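Encoded as structure tokens, the structure appears first; notes follow it.
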Amino acid sequence: MTNMLKRGLATSTPLRAAIPRQVGRQVGRKIWATGISLACLLIASPAAPAQTVPTARQQVQHVFRRFTFGEPPETVTAVTTSGIAPWLAQQLTPANIDDTGTVLETLPTAKYSDYNIWERSVMQHMLLTNRQVQAKLEMHWLDHFSVSLNTVGDPALMQHYDATIRANALGNFQTLLAAVSKEAAMLRWLGNDGNVPPTPNENFGRELMQLYTTGEFTLNPDGSQKLNAHGGPILNYTENDVKAVAKAMTGYSLSYNSTNTNPQTAFSVLFTKTNHYHGSLILNGKTYTVPNDTTAIDYVCSILAHRPETAIYETKQMLQRFATETPSAQYVTDVAAVWKKTVDKPDQIAQVITAIINHPEFNTSYHAMLKQPVELLFGPLRMLSGKLQATANVAPAGSLQYELSSLGQQIFYPPSVFSFYPPGSLASIVNTRTMLTKSGITANISGATPGNTYVDTYIDIPTLRTRVGSINTQIITDYLLDALIDGGSPELHSTIAGFLGAKPSDNQIRGAIWLILNTPDYGVN
């Protein structure tokens, strides 16, 4: 199992084995009793149509879905009353939010045999932290500056890379760009480790422009592709530009201290002047002088971060991940203007997020995107009194890490340079295998109990009952549907209430949660 996780492979648990027996029996008995086919409920029922004017409460839930991994109905109520602005202002200053107790397992400081603990620590933090906007942007930048443990090799480098992204996730883009460019994991990932003139490795220099800053092709201010006189795309850089950037990035290397057995501190990034090209170079038609010290990468990153093409490219990518996969010309133009205006501000990214949420078009994409697996799994755990126990205490096949792997998404093992999917291509994540796998995995998290050695995550039903504050079927139904799908249709409400019966048991509540998690309504963001 460990080897499978290390390779990032996905093998789903058989559905019959994955659904806890008590939940399966309750689901089957109740669905049959109400004369509703489970297959019809989960497959044939259409998702609720997208609403262009959500209610005030739904607007809060919309923000939470896009910029957090989920918040319980009590938080939704509080923010609906106080307004989104105060909550967002607090989230955009994460240092003021308590972040203790968000990693359940202590990272090794000596030799270790648990290869996956490093990735688990990142997932535990994302799920448990109250700094949720930071966590969601952390995930975005991990996708954007995608690196894979398959190539990096050392999970401690990956964990350090994530920590650097987290620290800069809401700050200044240029600062973030320079920081990740000098990370050991990135140096190894794109071949900039030990890069020396006169024939430097061009891989990182190319990706720095193509994926991380300007994008390959020139965009109009509204995000549409700019075309030449022949109707073809216009490149943002030439092969000579790639060679110039590659030269400027020489001199950096990854080093290990053989006498240091602490995997967290055994590595360092070195800069060697004699291995670095310094002097003038021409980039995008302008002449620059590259410094001959550790600021060489910072210098190049500053040039690229200030290019107008970068503002448009980065803005569109953020909109496609957080707002809509098809942002209007006006949406891109307006938010790109904020990006350019704040390019040298320490809180540039935070100001861009504020502009995205406050834009009139943000709420028009209500329930108009799909959830990623990480959102599908983290959501119910955060919204319905979920608990997480240290994964080292459970069978690997029942861990949240394995469950995400089964759905094809692992934080340390992106399948491509675009990570889980290229922005604007969410539909590519939907296939029969992942949909069937999701059914079994949602049964795991809804049907597990405290101390269970099969899964590390579970919904704490006693705590959930306390939060609901009633044994009334209608109130329980309202709470579950409000938490998971912003209320749902009258037909779904009737189905869930009928399934729960007059006096819902804990197992019936687990079964109802499982049903809701497998409706088309829950799959939209």
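We did not get these values from a lab; they are worked out from the coordinates using the rules stated. A quick note: this is a predicted structure, and the numbers were derived from the prediction, not measured. Here the Cβ is made from the backbone with ideal geometry for all residues, glycine too, and neighbour counts use every protein chain on show.
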Exercise. Taking the Cα centre of segment 317-386 as origin and charging only Cβ (+1 Lys, Arg; -1 Asp, Glu), how large is the dipole, in debye to the nearest 20?
Worked result: 100
Exercise. For K243, which aspartates and glutamates qualify as cross-link partners when the Cα separation must be under 17 Å and same-chain residues fewer than eight apart are set aside?
Worked result: D193, E202, E207, E216
Problem set entry | Theoretical gain in end-to-end length, T326 to E74 [0.36 nm per residue, Cα-Cα removed] | 87.5 nm
Exercise. Can you list the aspartates and glutamates whose alpha carbon sits under 18 Å from that of K286, skipping same-chain ones fewer than 8 residues off?
Worked result: E239, D241, D298, E309
Exercise. If you take the square roots of the eigenvalues of the alpha-carbon gyration tensor of segment 118-175 and sort them as a ≥ b ≥ c, do you get rounded (a/c under 1.5), prolate (a/b over b/c) or oblate?
Worked result: oblate
For this session: Please work out whether segment 240-327 counts as rounded, prolate or oblate from its C-alpha gyration tensor, where a ≥ b ≥ c are the square roots of the eigenvalues and a/c under 1.5 means rounded, while otherwise a/b larger than b/c means prolate and anything else oblate?
Result: oblate
Exercise. Working out 0.36 nm times the residue gap between N472 and T199, then minus their Cα-Cα distance, what length gain in nm do you get to one decimal?
Worked result: 91.0 nm
For this session: Please give the length that would be gained between N240 and I282 if that part of the chain were fully extended, namely 0.36 nm times their separation in residues minus their C-alpha to C-alpha distance (nm, one decimal).
Result: 14.3 nm
Problem set entry | Nearest-ten-degree value, helix 73-82 long axis tilted from longest Cα axis of the chain | 70
Problem set entry | Long-range HN-HN contacts of G386 with modeled amide H, under 5 Å | D460
For this session: Assuming R0 = 56 Å, can you tell me the calculated FRET efficiency for the pair N292 and A502, based on Cβ-Cβ distance, to the nearest 0.05?
Result: 0.10
Problem set entry | Helical mean residue ellipticity (222 nm; -39500 (n - 2.57) per DSSP H run of 4+; nearest 500) of the chain | -14500 deg cm²/dmol
For this session: Give the calculated FRET efficiency between T265 and L436 to the nearest 0.05, with a Förster radius of 30 Å applied to their Cβ-Cβ distance.
Result: 0.10
Exercise. What nm distance separates the two modelled labels at S82 and Y115, each placed 7 Å from Cα along Cα→Cβ?
Worked result: 4.5
Exercise. Once label points are set 7 Å from the Cα along Cα→Cβ at both S255 and S416, what is their separation, rounded to one decimal in nm?
Worked result: 3.9
For this session: Just grab the label-to-label distance for T463 and A167, each label 7 Å out from Cα along the Cβ direction, in nm (one decimal).
Result: 3.1
Exercise. What size of dipole, in debye to the nearest 20, comes out for the chain about its Cα centre when the only charges are +1 on Lys and Arg C-beta atoms and -1 on Asp and Glu C-beta atoms?
Worked result: 900
Exercise. Which aspartates and glutamates does K111 reach when only Cα atoms under 17 Å apart count, and residues fewer than 8 places away in its own chain are ignored?
Worked result: E119, D154
